[in-house]
Amino acid sequence: MIDSDVEMIGAKNLPNAVGRLLGPADPAHPVPGRRAGEEARDSTYRGAPPAGEPGGHGFEGWRGAEAPGRMTTSAGIPTERQPLHVLLIENDPADAELVQAELRRAGFEIVADVVQEFREFEAKLDDESYDMVLADYNLPGWNGLEALAGLRQRGHDVPFILVSGALGEEVAVECVKQGAWDYVLKDRLGRLPLAVRRALDEKRWIAGRSRAEREIRRLNEELERRVAERTAQLEAANRDLKLEIAERERAQAEQERLLRQAEAIEARFRGLLESAPDPIVIMNPGGRIVLVNRRTEDVFGYQRDELLGKPVERLVPERLRTRYREELSQYWSRPHKRLLGSSGAELFAQRRDGSEFAVEIGLSPLESQAETLAISIIHDVTRRKQSEEALRLEKEFSENLINSSFEGILAFDRQYRYTLWNPGMERMSGLDKSQVLGQSALEVFPFLGDSGGQLLSSVLEGKSATIRDRPYRAGGSDRDRYFEGSLSPMQGRQGEIVGGLAIIRDITERHAVEAMKDEFISVVSHELRTPLTSIRGALGLLAGDRLAHAPQASRRMLEIAVANTDRLVRLINDILDLERMASGRVTMAKRSCDAGELMIQATELMRPMAETAGVTLSVKPQTVELWADPDRILQTLTNLLSNAIKFSPPSSTVRLDAAPENDEIIFRVEDQGRGIPPDKLESIFGRFQQVDASDSRKGGTGLGLAICRSIVRQHGGRIWVESALGQGSQFFFTLPLRHETARPAADQTHG
Amino acid sequence: MDSRRLLIIDDEDDIREVVKLALETTAGWTVVTAASAVEGLRSAEAAPLDAILLDVSMPEVDGPSVFEKLCRNPLTRRVPVLFLTAKVQANDRRRLAALGAAGVIPKPFDPMRLAAEIAEALGWELEEGC
């Protein structure tokens, strides 16, 4: 351990020149001696602290607190007890020995490596660690200054002391400039131990100081880091604060804007609420009424005060409250806009007087400061329900009408495509609507025939048309049928014509009846005009005075007139008779009578005619009780006998007989005449259906068999004929035997 | 007396008789009669005729059919035919007129004017005093 007192002494002995040179030359390596004794006069040093020091205060403070003696405890510095490892650069072995001896004499324990060559010097520096380098200046091929440079080059800060012979002052100064710690002249070698000790002390001091400096630097850096950190924190905080302030300002502006908007909306909303056409009820989640509008009062008949704070169920009929509560709780479980009562089960509201009305309720959430309320807008749908119902009924009615109508109903659009085809049309046309809808009315079932296009287009121009007695063909049929009907345009919403509608009915039956009627009239007309022609002709000639001198012709004309007048009377009687029976205006005056008697009566009546014709009349009367109109049965029998006689050749026989069979009696009139062709067996019972038109010459009216048939039918019997051409005919008719139950007397006397 | 010769075909005996008498006494024409289509066609071929009066409604073969046969027969097709008919409805008359006959005389007719009607239809001059 080096005594601090010794150091002080050493410092005092430092040559002035070196002390001056060292101070300002390298402040990082101040000479320790200055601190104790010379710092007061070196103002430069005090005012300008070494580079790297943050400020003078820390240094000053540290220096004042640290006692110089404490530096001797620094680690890494050899102590007196450890040998001093010295590199000695000396080419003169004697001098090398002198130097070592001098140091040992002064008490240093040394281990010295002596080198002479620069290369050797470098190798030693690389291999070993030295406490001190002592170097001669003048060496063979190099010098102490180069050694110093080599040392610095390797970064060694080991103390370097020149031990030299005569050395000029300039060289000495240069050496010190280059970093030599001290120099000792060989001829004053006695100063060497002192220089070595001082160098060691200085080395120790520097080591201590640099540790302190490192500590100061660390502290300083730490301080700076913390300051920087804090500064950064503060800056960040500042930034955040600024942002927050800006945000708050913006938010506040927004809030103010919203508030103003809300106020405006609220004002408007209040107006809207009060002027709304529907009751509006605002309620809280507890189902209590928070607000109602004026319309609520009007519709429900409550004063506002009677509703506020009350359960909203007050406005719902008792029977629906449970359901309503469920609906509401469903709503509150997820409040969003919804419409109650619009589908499914109907919803009703109840007025104060208990009356109910159908409603739809629009529910929607309303955010308020405290809680979410619900706005319910209650819309009275009574009228709508009524009109919907009316519409539904009307629709149903027209559908029924269309579907059940016996008439064919069809519609077509502007392209003549069928758009409606009811079951009536299906029946008439034999076409299913699936085969027809969408098809052109000109192609599928062109019911209007060739002029269809024209007629349809005139309907589309807005004209209605009536169709009478028009032929058509049902699908797959080759027979004409007939229809009548009407065509009318159909209008759209704007009054534009969107298509046409046709209602048609099949009149085939009626058409046939009409045709028959026409034919009948034509035939009757002909039958009446034929005798009239003869009468008119005969009388005309008589009246014309041309036959005055022709009495024979005149007589003949009179006979013709008389005969044809009789024929005309018979004809008219028969026609009227038949028509009265056909129309049901004549009832049979039925009573109990005997079939046999009627047969004999009829035969007697016809006997003169038979005799005239030379025909034998044979009768086998059958005594059977009948319930019949005897006059009519007699008429039937004489008609049949008359026909038989007319068509019998002379000398032939006409037979009349009868036979009971089961519940009826069968009459038969048999002749041996020309017979009836098979195709006329049925038709001869029709009116004016003589087998031969010339038959009328036989005095017949052509209505006899028709009258017979009518009479027989009215007695519940049947009439028919069996015949073989050329062999004669057998006319049969039946009458039921069983008595009918007693009839009112009035009926019997009738007719 | 006029020497014209006519044929009447009608199945009604009395009408044939009246027509024959009427035309003979009023116009002095010769009238041949036939009671059926078959008989009438035979008569029409048998001797030259100035006109034929033809009933429309006859059994077996009716008037129009007879007319068609007359028109097809070279011997008879030049003879003018007048229909006599009790079918006097408008459509009946139209149908007959369409066949191309010289005229249609409805029944009943005025026997005193029958000859005049025929002459008029055929463009004949009737002699004075007839």
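Just a few scattered comments:
- The C-beta contact set for the range A:392-417 (first residue within 23 Å of residue A:461 (Cβ to Cβ), second residue assigned to a loop (DSSP other than H, G, I, E, B), distance under 6 angstrom, 6+ apart or interchain) comprises A:409/A:422; A:412/A:441; A:416/A:441; A:416/A:442; A:417/A:438.
- Of all residues making up the range B:45-70, the number that are acidic (Asp, Glu) and within 11 Å of chain A (Cβ to nearest Cβ): 3
- Check on residue A:671, out of contact with any Ser or Thr (no Cβ under 6 Å at 6 or more places or on another chain) and either outside the structural domain of residue A:719 (by TED's automatic domain parsing) or acidic (Asp, Glu) (or both): no
- Residue A:657 touching a strand residue (DSSP E or B) at 6+ places or on another chain (Cβ under 7 Å) and exposed (fewer than 14 other Cβ atoms within 10 Å of the Cβ): no
- Of all residues making up the range B:12-25, the number that are open to solvent by 10 Å² or more (accessible area, probe 1.4 Å) and among the β-branched types (Val, Ile, Thr): 1
- Residue match in the range A:427-441 (condition: in the same structural domain as residue A:414 (by TED's automatic domain parsing), in contact (Cβ under 8 Å) with a residue 12 or more places away in the chain and in a strand (DSSP E or B)): yes
- Residue within the range A:494-514 that is out of contact with any Leu (no Cβ under 6 Å at 6 or more places or on another chain), free of Cβ contacts under 8 Å to residues at least 24 places away in the same chain and hydroxyl-bearing (Ser, Thr, Tyr) present: no
- When residues in the range B:31-40 are screened for being outside any strand (DSSP E or B), more than 12 Å from chain A (Cβ to nearest Cβ) and crowded, with 19+ Cβ neighbours inside 10 Å, 1 of them pass.
- Number of positions in the range A:526-545 that are crowded, with 16+ Cβ neighbours inside 10 Å, more than 7 Å from every other protein chain (Cβ to nearest Cβ) and free of Cβ contacts under 8 Å to residues at least 40 places away in the same chain: 3
- The range B:18-30: number of residues that are in contact (Cβ under 8 Å) with a residue 12 or more places away in the chain and within 13 Å of chain A (Cβ to nearest Cβ): 9
- Residues that are away from chain B (no Cβ under 14 Å) and within 17 Å of residue B:91 (Cβ to Cβ) within the range A:483-525 comprise A:511, A:516, listed in sequence order.
- Sole residue being acidic (Asp, Glu) and open to solvent by 30 Å² or more (accessible area, probe 1.4 Å), chosen from A:182, A:240: A:240
- Residue match in the range A:220-227 (condition: out of contact with any Ser or Thr (no Cβ under 7 Å at 6 or more places or on another chain), of a type in the set (A, V, I, L, M), farther than 17 Å from residue A:363 by Cβ and not assigned by TED's automatic domain parsing to the domain that holds residue A:367): yes
- Of all residues in the range A:564-578, those that are surrounded by 14 or more Cβ atoms within 10 Å (Cβ to Cβ) and more than 7 Å from chain B (Cβ to nearest Cβ) total 10.
- In the set A:561, A:548, only one residue is in contact (Cβ under 8 Å) with a residue 24 or more places away in the chain and either closer than 21 Å to residue B:114 by Cβ or facing chain B (nearest Cβ under 7 Å) (or both); that residue is A:561.
- For the range A:686-713, filtered to residues that are at pLDDT 90 or above and open to solvent by 40 Å² or more (accessible area, probe 1.4 Å), the residue that is nearest to the other protein chains (Cβ to nearest Cβ) is A:709.
- Residue in the range A:352-359 that is assigned to a loop (DSSP other than H, G, I, E, B), β-branched (Val, Ile, Thr) and assigned by TED's automatic domain parsing to the domain that holds residue A:289 present: no
- Criterion (in contact with a helix residue (DSSP H, G or I) (Cβ under 6 Å, 6 or more places away or on another chain), open to solvent by 30 Å² or more (accessible area, probe 1.4 Å) and not small (Gly, Ala, Ser)) met by exactly one of A:216, A:161: A:216
- Here residue A:303 fits the description: open to solvent by 60 Å² or more (accessible area, probe 1.4 Å), over 35 Å from the mean Cα position of the chain (by Cα) and within 24 Å of residue A:382 (Cβ to Cβ).
Listed here are the residues, each with its yes/no results for (1) more than 35 Å from the chain's Cα centre (by Cα); (2) open to solvent by 10 Å² or more (accessible area, probe 1.4 Å).
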position: A:272; (1), (2): no, yes
position: A:276; (1), (2): no, yes
position: A:285; (1), (2): no, yes
position: A:310; (1), (2): yes, yes
position: A:329; (1), (2): no, yes
position: A:336; (1), (2): no, yes
position: A:339; (1), (2): no, yes
position: A:349; (1), (2): no, no
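- Here the condition is being among the hydrophobic types (A, V, I, L, M, F, W, C), under 45 Å from the mean Cα position of the chain (by Cα) and farther than 23 Å from residue A:435 by Cα; of A:487, A:460, A:532, A:501, it holds for A:460 alone.
- Residues that are within 11 Å of chain A (Cβ to nearest Cβ) and either in a helix (DSSP H, G or I) or in contact with an Asp or Glu (Cβ under 9 Å, 6 or more places away or on another chain) (or both) within the range B:91-114 comprise B:91, B:92, B:105, B:107, B:109, B:110, B:111, B:112, B:113, B:114, listed in sequence order.
- For the range B:71-90, filtered to residues that are open to solvent by less than 60 Å² (accessible area, probe 1.4 Å), within 14 Å of another protein chain (Cβ to nearest Cβ) and of a type outside the set (A, V, I, L, M, F, W, C), the residue that is farthest from residue B:39 (Cα to Cα) is B:87.
The values are calculated or read from the model by the stated rules, or taken from the named source; none is laboratory data. Fair warning: this is a prediction, and the values are worked out from it, not measured in the lab. Here the Cβ is made from the backbone with ideal geometry for all residues, glycine too, and neighbour counts use every protein chain on show. The protein model used for the area step is the full one, side chains on, heavy atoms only, and it has no ligands, DNA or RNA in it. Shrake-Rupley method; radii C 1.70, N 1.55, O 1.52, S 1.80 Å.
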